[in-house]
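Report on the structure given below.
The values are calculated or read from the model by the stated rules, or taken from the named source; none is laboratory data. These numbers come from a predicted model, not from an experiment. Please note: Cβ atoms are built from the backbone with ideal geometry, for glycine as well, and neighbour counts cover all protein chains shown. Please note that ligands, DNA and RNA were not included when accessible areas were found on the heavy atoms of the full protein model with its side chains. Shrake-Rupley method; radii C 1.70, N 1.55, O 1.52, S 1.80 Å.
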Amino acid sequence: MAQLTAANFFTTGEKARIEAAVREAESRTSGEIVPMVVDQSYGYPRAEIIGAGLFSLATGVFLSWAFGGESIWVFLAVFFLGYFPFKFLIRGVPGLKRGLISSAEISEEVEEKALVSFVERGLHHTRDETGILILISLFEKRVHVLADRGINEVVPPHTWEEIVKTVTDGIHEGRTCEALEAAIRRCGDLLENKFPVKKDDTDELPNLILE
């Protein structure tokens, strides 16, 4: 089974459906809605270093005690020989690596990725400051919604928790595409009255980003 990445997270048909949902929502408002899927928000090298050190330490202690007569040389040999294999093991097993990272750190990195992407992808440059980013970060299994200043001035911040829950529940239930479509429609509903579509509106941003 192929590893799940942003590139293969949705089928071709699902991508078309999501882009169509964005176009429909944006036909009712001057807002710009951008769903984005990324493999991970950060590499978390510290988790690999600490995890490899802990596993090598435990393995070295056990083997030196069980087979090496508690020799410090056996311990050191096992520790240094095991460090890099354990590091690559942690890197290659997402569930193991994720278990070595605190929930708070994951939240911080996903939020930072959303902020960086918001700027890099030009969502802060929309004419009426009405960009909305719906970020799905696969490694972290997190969803984050970020809206520009123009929207946040009239839409309560807790509103985005509803969008996050819609997408998160959909991912857990195996219906991510449908949940994302629903979240996009809900964003359109929220913006329609406050930011109605204008005659000269153009589609300023991509309708789906896979990174």
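Worth a mention:
- What a 1.4 Å probe finds exposed on segment 4-132 is 65% carbon and sulfur by accessible area, rounded to a whole percent.
- Extending 7 Å from Cα along the Cβ direction at Lys199 and again at Val93 yields two label points whose distance is 6.4 nm.
- Cβ-Cβ FRET estimate between Glu19 and Phe84, R0 fixed at 35 Å, reported to 0.05: 0.20
- Kyte-Doolittle mean at least -0.5, axial Cα span of 24 Å or more - DSSP H helices of the chain: 45-66, 72-92, 103-120, 176-194
- Rounded to 0.05, the FRET efficiency of the Leu4 and Arg28 pair, given R0 = 41 Å and the Cβ-Cβ distance, is 0.80.
- Pairwise FRET efficiency - Arg46 versus Asp128, Cβ, R0 = 41 Å, nearest 0.05: 0.50
- Amide hydrogen neighbours beyond the local backbone of Phe139, cut-off 5 Å, H modeled: Gln40, Ser41
- Label-to-label distance for Glu105 and Trp73 is 3.6 nm, based on points extended 7 Å past Cα in the beta-carbon direction.
- Using only the C-alpha atoms, the convex hull of segment 24-144 corresponds to 101 Å³ per residue.
- Label assignment, Kirkwood radius over Cα pairs in Å derived from the structure, set (1) 18.6; (2) 19.3; (3) 17.6: (2)
- Per residue, the chain exposes 54 Å² of accessible surface when a 1.4 Å probe is rolled over the protein heavy atoms with every protein chain present.
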